[in-house]
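Scroll down for the structure; my scribbles are underneath it.
Here, each number is a calculation from the coordinates, and none is a lab measurement. In this text, all values refer to a predicted model and were calculated from it rather than measured experimentally. A quick note on method: Cβ atoms are made from the backbone with ideal geometry, for glycine too, and the neighbour counts reach across all protein chains shown.
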Amino acid sequence: MSVHPYDALIIGAGHNGLVAANYLAKAGKKVLVLERRDVAGGQLARHVFGDGFAVDPIHPGGLLRPDIIADLGLGKFGFDGKPAARAPYIALLPGGQRLHLVAAGNDAATLESIRTLSAKDAQAWPAFVNFMDKAAAFLDAAYRTAMPRLPNVNFRREGLPLAKLGWTLRRLGGRDMFGVIRTLSMSLVAFTQEWFESEPLRAAIAAVGIHGHTLGSMSAGGGFTLIHNWRNRGGLAHAPVAGGTARIADTLVAALQARGGQVRCGAAVTRVLVDKQRATGVQLTSGERIAAKAVLCDADPRHALLELVGARELPPEFVWATQSIRMRGAVAKVHLRTDGRHGIPEGTLAHAPTLKYLERAFDASKYGEISAAPYLEITTDADIVSVHFQFAPYTLRGATWAEQRGPLERLAVATLAEHFPALPASIRQIASILPTDLESTWGLTEGDLNHGQLQIDQMFFMRPIPGWSNHRTPIDGLWLCGSGVHGGGGISGASGRNAARAALGASSR
C-alpha cells in the first residue's frame, strides 16, 4: 500500500468522476482519478477509427450544468458551456417532407412548419413548449437535490432541501404542478395525444422521449424520459459543443490538475479493498495497491458493487436488489466518413414517422431482434455522418453481434438513403459501435448508456435501488458518483457533484 494515501480515489474518468474529483480537490483534498482506458472522458472522449475518421462516439452534444461550470470556475479554462448556434430538430417524413422544429414558442419557422400539418397544433405549440420548459426546470431542481434514504429520512439534514424541491413544484401553479406529476408516468402516445392531433408531430416529440432508453411510444414512463431528455438537450435538438464533447472532459481534467489533482490513464481497477466493512483503497490489474480515505466510483452500480467490491462483502438483500437493476441497453451507433456530398443538412434529424412505427421498432428488442424498421437519429459534423440506431438489443436471439455488425450498418444506410439518395455514393468508410462494444470498450454493462434504465421504478429515491439513493453503499467510505445514481443519465454532471458533496459532508462530521 502507498505510504502517502490519498484523501480520495475516483474510479473512472468519465464526466461525473471528473466533476466529483474537482469538487473534492477544490475542498483541499488530495485526489487521484484512475481510468482504465488510455484517454480520460468516458463517453465524451473523441474516438478515432482511422486517419481522418475521428468522432464524438456516443453523444453529439451535451450541457454540463451551469452551476457546476460556475462552481468549478471552468470559464478560466475557456469553457462557458454554452452550445454552438442551435440547429433545428428535423423530422424526416414520407414523400420527402420535413418538419422543422425549434423548442421555442415564438419561432416563426417552427409555427409555419407545424401549420402545414395542423393549424390547431401550431396554436398549441407555444403552450406545449412553455409546459415542457417548466417540467424540465422542476426535474433540474430534483436532480440538484440529494435524495434521502427512504424510509430513513434525516429531517434535520435532508428536510430543508426536500422542502425547497416541494416549493419549486408548488410554484408551477396548480395546473402545471399536477400536469408534471401526471406526465412522469404517462406513455408518449397518451401524453402527445393530449397536446396535438398531427401524427408526424406527435411521433417527432415521442422519438426524443425514447432516445437512449429501452421503451416504446406506448410504454409507461415515457413522459419522464421525454422531460429528462428535454432537460439534458435544452429542448428537442442536441446542444452541440464547440470542439466536440471531448472539450468538456479536457476542461475538467485541466481544472483538476490546476487544483493539484491527478489523472492516471491505463490504470484499470480490479478490486475495491475493504477492511472491516470500510473501503481502504483499490487494487489495479498490475497488482499495485493504492490506499485512500475514501473511494468514489464512476462505474455503473452493478459493476461497482458486484464485481469491484464483491457479493461476499455485502448484505444478501442488497446483493439481490443490485442484481435486479435493469440495464437492457438497445442502442448502436453507425458513423460514416463521407466525401462531404451526403446531402444531409445540419441539425438533429429523426426518422420516426409514426407512433406505431416507434412501438414496432421497440417490439423487436423484446424478442432479442434488431429492429427491421429502426428509429434513427442523425447528426453531421462536416463530412462525418453519425447515426443513432434503435433498437439493437444487447442480447440477441439466435445470432451473435459479430455476425450482425455488417447487416446493421447496411440497414442504417439503406433506411437513411430513402431520405438522402446521394448518401450511399458519398460514403468512404463505415464504423459502428454495437452494444457489446459499449460494454467492452466503454465499460457500460449490457451497453446501457445510463448505467441503468431511467424508468419510473428506477428514478429519484429508487435510484440505483430503493433505500440507497444518497450515494452511500453498505461499505463505509465507498460512494457511487456515476450515471446510475440519482441525478445521472446525460451529461449534466449532477450525480458527480452530489456524490462529492455527500462524501465531503460525511468527512466533516
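For q values of 0.12, 0.24, 0.27 Å⁻¹, compute log₁₀ I(q)/I(0) with the Debye formula on a Cα-only model of region 249-325, without solvent.
The Debye formula, applied to the Cα set alone, gives -0.42, -1.17, -1.29.
Measure nothing but the geometry: give the 0 to 90° angle between the long axis through the Cα atoms of 155-170 and the longest principal axis through the Cα atoms of the chain, rounded to 10°.
Here the helix axis deviates by roughly 10 degrees.
Please get the size of the charge dipole for the chain, origin at its Cα centre, with Cβ charges of +1 on Lys and Arg and -1 on Asp and Glu, quoted in debye to the nearest 20. Don't jump to the answer; show the numbers that get you there.
Details: 53 positive and 43 negative charges, 331 e Å.
It works out to roughly 1580 debye.
With axes computed from alpha carbons, what is the tilt in degrees of helix 174-184 against the longest principal axis of the chain, rounded to the nearest 10 within 0 to 90?
80
Which of rounded, prolate, oblate describes region 177-327, given a ≥ b ≥ c as roots of the alpha-carbon gyration tensor eigenvalues and a/c under 1.5 marking rounded, otherwise prolate only if a/b is larger than b/c?
Values: a/c = 3.29, a/b = 1.70, b/c = 1.93.
Oblate, because a/c is 1.5 or more while a/b does not exceed b/c.
Antiparallel versus total DSSP beta bridges in the chain: what percent is that, nearest 5? Provide the component values of the computation, followed by the final result.
Working: 39 of 59 bridges.
Roughly 65 percent of the DSSP beta bridges within the chain come out antiparallel.
In this model, which of Lys82/Lys164; Lys164/Lys356; Lys29/Lys276; Lys333/Lys366; Lys276/Lys366 are farther than 31 Å apart at the alpha-carbon? Don't jump to the answer; show the numbers that get you there.
On the way: Lys82/Lys164 27 Å; Lys164/Lys356 40 Å; Lys29/Lys276 24 Å; Lys333/Lys366 20 Å; Lys276/Lys366 43 Å.
Checking Cα-Cα distances, Lys164/Lys356; Lys276/Lys366 exceed 31 Å.
I need the trypsin sites (Lys or Arg not before Pro) found in region 391-493, filtered to DSSP loop residues with at most 13 other beta carbons within 10 Å of theirs. Before the final figure, lay out the partial values.
On the way: sites: Arg397, Arg405, Arg410, Arg428, Arg472; in loops: Arg397, Arg472.
When the trypsin sites (Lys or Arg not before Pro) of region 391-493 are filtered for loop state and at most 13 Cβ neighbours within 10 Å, Arg397 remain.
Starting from region 396-500, pick out the GluC sites (Glu not before Pro) whose DSSP state is loop and whose Cβ has at most 14 other Cβ atoms within 10 Å. Working shown, then result.
On the way: sites: Glu403, Glu409, Glu418, Glu439, Glu446; in loops: Glu418.
When the GluC sites (Glu not before Pro) of region 396-500 are filtered for loop state and at most 14 Cβ neighbours within 10 Å, Glu418 remain.
Where in region 217-326 are there trypsin sites (Lys or Arg not before Pro) that are in a DSSP coil and have at most 16 other Cβ atoms within 10 angstrom of their Cβ?
Working: sites: Arg231, Arg233, Arg247, Arg259, Arg264, Arg271, Lys276, Arg278, Arg289, Lys293, Arg302, Arg312, Arg326; in loops: Arg259, Lys276, Arg326.
Here the trypsin sites (Lys or Arg not before Pro) that fit, given the DSSP loop and packing criteria, are Lys276, Arg326.
For region 318-326, what does the Karplus curve 6.51 cos²θ - 1.76 cosθ + 1.60, with θ = phi - 60°, yield as ³J(HN,Hα) per residue in whole Hz, taken in order and with x for Gly and Pro?
With coefficients 6.51, -1.76 and 1.60, one gets 5, 4, 4, 5, 5, 4, 8, 4, 7 Hz.
Have a look at Met327, Gly340, Val274 and report the one farthest towards the positive end of the charge dipole of region 269-344, computed about the Cα centre with Cβ charges (Lys/Arg +1, Asp/Glu -1).
Of the candidates, Gly340 comes out farthest on the positive side.
Can you work out ³J(HN,Hα) from phi for every residue in region 49-61, in order, using Karplus 6.51 cos²θ - 1.76 cosθ + 1.60 and θ = phi - 60°, giving whole Hz and x for Gly and Pro?
Running phi through 6.51 cos²θ - 1.76 cosθ + 1.60 with θ = phi - 60° gives 8, x, 4, x, 10, 10, 9, 7, x, 10, 10, x, x Hz.
For region 332-445, I need the span (max minus min coordinate) of the C-alpha atoms along each principal axis, in Å, sorted largest to smallest.
37, 33, 21
Using the Karplus curve 6.51 cos²θ - 1.76 cosθ + 1.60 with θ = phi - 60°, what ³J(HN,Hα) values do you get for each residue of region 229-243, in whole Hz, with x for Gly and Pro?
With the stated coefficients, region 229-243 comes to 5, 4, 5, 6, 8, x, x, 8, 7, 5, 9, x, 10, 4, x Hz.
What percentages make up the Cα-Cα pair-distance distribution of the chain when the bins are 20 Å wide from 0?
Percent of pairs per bin, in order: 23, 57, 19, 0.
Using the alpha-carbon atoms, what tilt in degrees (0 to 90, nearest 10) does helix 119-144 show relative to the longest principal axis of the chain?
10
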